[in-house]
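*Asks:* For reference, the structure I am asking about is given below.
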Amino acid sequence: MDAKRIAECLCGVLADTYVLQLKSQNYHWNVVGMNFHSLHAMFEEQYAELALAIDGIAEQLRNLGGLAPATMAEYLALTRLSEGDSSLGATQMVGDLLESHEAVLARVHECAHVADEEDDESTEDLMTQRMNAHRKTIWMLRATLGHGEAGLPPAPKPAKDGKPAKAPKAKKKSPKAVG
Ligand SMILES: [Fe+2]
């Protein structure tokens, strides 16, 4: 088992989860509009769930012998997410959280695949728990946006060799006009 390889992917998951927790907290504090109360409460549930997850991911890293990155500078260097934008409208905040959870789900899926290849059942179990949590949140955010497709995103199907299928791709933001 290559513990260093697993620790590297866990560092990425930790950074993404931390940045997403702060983004959820940002939107909990700064959301405005007629749906203020329900969104304020939903974002709080989400950041609280992520905060618990962060501790488990960091402690799994320590279990593997790695140091847990624990500064904002490290998280910003490791994350694939953008930071929250407190000037967004309520619907844009929900959309941004949806895209972010989809991106973290994809990264957790990659890490589950690495853990599987390295025969690290405990990291694989933790990543499965995280995938389930992100899938549930994605369903709630999609339902909030009134997407007709609202429903749990499909579980990754195991391929013939027993390995998980490729990670679902995060939705890309529409390209911004240049110039
Ligand atoms: Fe609060």
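*Asks:* Which length gain, in nm to one decimal place, applies between residue 70 and residue 35 when the Cα-Cα distance is subtracted from 0.36 nm times their residue separation? The partial results should precede the final answer.
*Replies:* Numbers: separation 35, 0.36 × 35 = 12.60 nm, distance 3.42 nm.
Fully extending the segment from residue 70 to residue 35 adds 9.2 nm.
*Asks:* When only C-alpha pairs under 8 Å and at least 6 residues apart count, what is the relative contact order of the stretch 1-83, in percent?
*Replies:* On the way: 80 pairs, mean separation 39.9, N = 83.
Reported as a whole number, the value is 48 percent.
*Asks:* So, counting K/R as plus one and D/E as minus one, what does the shell of residues with Cβ under 11 Å around residue 97 add up to? Could you put the intermediate results ahead of the total?
*Replies:* Numbers: positive: 23, 142; negative: 96, 99, 102.
Here the charged neighbours net out to -1.
*Asks:* Next question, about the same structure. Local charge sum around residue 29 (other residues, Cβ-Cβ under 15 Å, Lys/Arg +1, Asp/Glu -1)? Could the numbers behind the result be given before it?
*Replies:* Numbers: positive: 23; negative: 44, 45, 83, 85, 96.
Its environment carries a net charge of -4.
*Asks:* Which of the peptides 114-126, 94-106 is most tightly packed, and how do the rest follow, going by the mean number of other Cβ atoms within 10 Å of each residue?
*Replies:* Working: 114-126: 17.5, 94-106: 22.0.
The packing order, highest mean first, is 94-106, 114-126.
*Asks:* Mean 1/r over all different Cα pairs, inverted: what Kirkwood radius does the stretch 3-144 give, in Å? Please list the in-between numbers first.
*Replies:* On the way: mean 1/r = 0.0656 Å⁻¹.
It is 15.2 Å.
*Asks:* Another question, then. Run through all the Cα pairs of the stretch 74-130 and give the fraction in each 5 Å bin from 0, expressed as whole percent.
*Replies:* 4, 18, 19, 18, 17, 11, 7, 4, 2
Just so you know, all these numbers are worked out from the coordinates, no wet-lab data involved. Predicted, not measured: the structure shown is a model, and the values here were computed from it. Please note: Cβ atoms are built from the backbone with ideal geometry, for glycine as well, and neighbour counts cover all protein chains shown.
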